[in-house]
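J.: Structure incoming, see below.
The values are calculated or read from the model by the stated rules, or taken from the named source; none is laboratory data. Remember, it's a predicted structure, so these values are computed and weren't measured experimentally. Cβ atoms come from the backbone with ideal geometry, glycine included; neighbour counts cover every protein chain shown. The area values use the complete protein model at the heavy-atom level, side chains included, leaving out ligands, DNA and RNA. Shrake-Rupley method; radii C 1.70, N 1.55, O 1.52, S 1.80 Å.
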Amino acid sequence: MQRSPAEGYQQASLSEQKVDGEDFIQTDVCPKAGDVILDLGCGTGELSAYLAELVGPRGKVIGVDPDKERIRVAKESHSQIENLSFTEGSASSFFRMDSNSYDIVFCNAALHWMPEKQQVFNSMFSSPKAGGKIAVNYLDRLPQFEFNAYMLLNPGNGERICHEMYQCESKTKIEHYCLSSGFQIVKHYEFCVSFVFNSIDGLLKWHWSVTHGVLDLSLVTEERLKKYLSPSVGENGKPCLDFRGIKEESTVYRLIAVKQAENAG
C-alpha cells in the first residue's frame, strides 16, 4: 500500500509515464555523453535517472520539482547515481540555477501544471547554453477520462483540479510563448501516449497520485464510481481501462526548440 501520493506517483511513473517518456527521450531529445541536463518537473526522478545513464559519468542531470515529497522519494530512490541530483524548486525560481549552463532543458508532463507560461519559457531561454535546446512534452487539454473522474468522483474538488491545478493551453499559444522567448522551433507535433491501467483500483490510484492527493479517494462512493465508469462499459460488461489510440483521451504534444548561437543564421 502506498503511504503517500508521491510514492503512488512513483509507481505510476514506473509504468504509464516511463515508457512514453523514454520514447520521447530516444526519439527527440537524443542526449549525448557529457551533456548537462535540467529536468524541470522531474517528479520522483525515474526519467532523470534514465537521462543520467545516457549522459554517462562525464555528464550531469539536475532534477527540479516543487513537490518536496516527490523530491524526497527521488533522492531516496536514486541516491546511488553519482551524476544525478535533485532539488526542490518551482518554475518561477529554476532560472536562477546556473543560467546558460545546460545542454538540454527537459520537461516531461509538467508544463500543463505551470501558470504564467510566458514567464516559464523566458526562464527556459536563460537556462541552456547557446546552441542548447528544450524538450517539452505537454497536454493542451485535459483528457476526458481525467476530467470526468475529477468532476464526477470528487465534485467538491473537481473545479479546483480541472481549472486551477491544471493549466492546459493550446498548441498555438505554446508556440507563441516559445517563439516570443527567443527559441527556434525544430519540431512540434501530436503524439498518442499509453494510458493503460490494470484495474479500476489502479486507475483511481493514478488519479489520486497525479493530483498530489487532492482527489480524495475516501469520497469515491459506489454511486459516483458507477456514474464515472458506466459510459465506457463495453460489450464484455467491463469498463475501458485502455485509452491507447483514443485521440481525445491520449493526445499530448512534443516540442523541441533550440537556443541559437549568437553567430548563427
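J.: Might you tell me the accessible area per residue for the range 114-260, computed with a 1.4 Å probe and given in Å²?
T.: The answer is 48 Å² per residue.
J.: Moving to a separate point now. Ratio of alpha-carbon Rg to the 2.2 N^0.38 Å globular estimate for the range 88-206, to two decimals, please.
T.: 1.21
J.: I want to verify the translational diffusion coefficient of the range 215-265 in µm²/s; compute it with Stokes-Einstein, Rh as the Kirkwood radius over Cα pairs, at 10 °C and 1.306 mPa s.
T.: 104 µm²/s
J.: Want the number for residue 160 to residue 141: 0.36 nm per residue separation, take away the alpha-carbon distance, what's left?
T.: Separation in residues times 0.36 nm, less the Cα-Cα distance, equals 5.3 nm.
J.: Sum up the charges of everything whose Cβ sits under 11 Å from the Cβ of residue 6, counting Lys and Arg as +1 and Asp and Glu as -1, but leave residue 6 out.
T.: -1
J.: Which order do peptides 29-40, 111-122, 184-195, 230-241 fall in by mean Cβ count within 10 Å, highest first?
T.: Highest mean packing first, the order is 29-40, 111-122, 184-195, 230-241.
J.: Ok, one more. Considering amide H positions built from the backbone, and no H for Pro or chain starts, which residues 5 or more places from residue 114, or on another chain, come under 5 Å of its amide H?
T.: HN-HN under 5 Å from residue 114: 167.
J.: Quick one: which residues, 5+ away or cross-chain, put their amide H under 5 Å from the amide H of residue 101? H built at 1.01 Å from N.
T.: 129
J.: Right, another one. If you fit an axis through the alpha-carbon atoms of helix 171-181 and take the longest principal axis of the Cα set of the chain, what angle between them do you get, 0 to 90°, nearest 10?
T.: 20 degrees
J.: Provide the net charge surrounding residue 148, with neighbours chosen by a C-beta distance below 12 Å and charges set as Lys +1, Arg +1, Asp -1, Glu -1.
T.: Every neighbour counted, the sum reads -1.
J.: What is the Cα convex hull volume of the range 147-254 when expressed per residue in Å³?
T.: Taking the convex hull of the Cα positions in the range 147-254, it is 120 Å³ per residue.
J.: Fully extended, how many nm does the chain gain between residue 240 and residue 196 (0.36 nm per residue separation, minus their Cα-Cα distance)?
T.: Fully extending the segment from residue 240 to residue 196 adds 14.9 nm.
J.: Apply the Karplus curve 6.51 cos²θ - 1.76 cosθ + 1.60, θ = phi - 60°, to the phi angles in the range 140-156 and return the couplings in whole Hz, x for Gly and Pro.
T.: With coefficients 6.51, -1.76 and 1.60, one gets 8, 7, 6, x, 4, 5, 7, 4, 5, 4, 5, 6, 8, 7, 9, x, x Hz.
J.: Something else: Whole-Å semi-axes of the chain's equivalent ellipsoid, largest first, each the root of 5 times a Cα gyration tensor eigenvalue?
T.: Semi-axes (√(5λ), whole Å): 33, 20, 17.
J.: Of all beta bridges DSSP finds with both residues in the chain, what is the antiparallel percent, to the nearest 5?
T.: 45 percent
J.: Near the amide H of residue 106, under 5 Å away, which other amide H atoms are found, from residues 5 or more places off or on another chain, if H is placed in the peptide plane?
T.: Residues meeting the criterion, in which the H sits 1.01 Å from N, are 38, 39, 40, 135.
J.: Where is the GNM fluctuation largest for the chain (alpha-carbon springs, 10 angstrom cutoff): 152, 225, 54?
T.: Comparing 152, 225, 54 in the GNM, the peak value goes to 225.
J.: So, one more: What relative contact order, as a whole-number percentage, does the chain give when Cα pairs under 8 Å and 6 or more residues apart are counted?
T.: Over the chain, the number comes to 21 percent.
J.: If you fit an axis through the alpha-carbon atoms of helix 68-77 and take the longest principal axis of the Cα set of the chain, what angle between them do you get, 0 to 90°, nearest 10?
T.: 80 degrees
J.: Continuing with the same structure: Quick one: with all protein chains in place, what share of the accessible area of the range 134-265 is carbon or sulfur, to the nearest percent (1.4 Å probe)?
T.: That share works out to 49 percent.
J.: Mind giving me the nanometre distance, one decimal, between the label points for residue 19 and residue 101, set 7 Å out from Cα along Cα→Cβ?
T.: For residue 19 paired with residue 101, the spin-label model returns 3.7 nm.
J.: Run the 1.4 Å probe and let me know the accessible area of residue 219, rounded to the nearest 10 Å².
T.: Per-residue accessible area (residue 219): approximately 80 Å².
J.: In degrees, nearest 10, range 0 to 90: what is the angle between the Cα axis of helix 117-126 and the longest Cα principal axis of the chain?
T.: 30 degrees
J.: Relative contact order, percent, of the range 47-197 when contacts are C-alpha pairs under 8 Å separated by at least 6 residues?
T.: So the answer I get is 18 percent.
J.: Can you tell me which lysines have their Cα less than 30 Å from the Cα of residue 187? Leave out same-chain residues fewer than eight positions away.
T.: 18, 32, 60, 117, 129, 133, 171, 173, 247, 259
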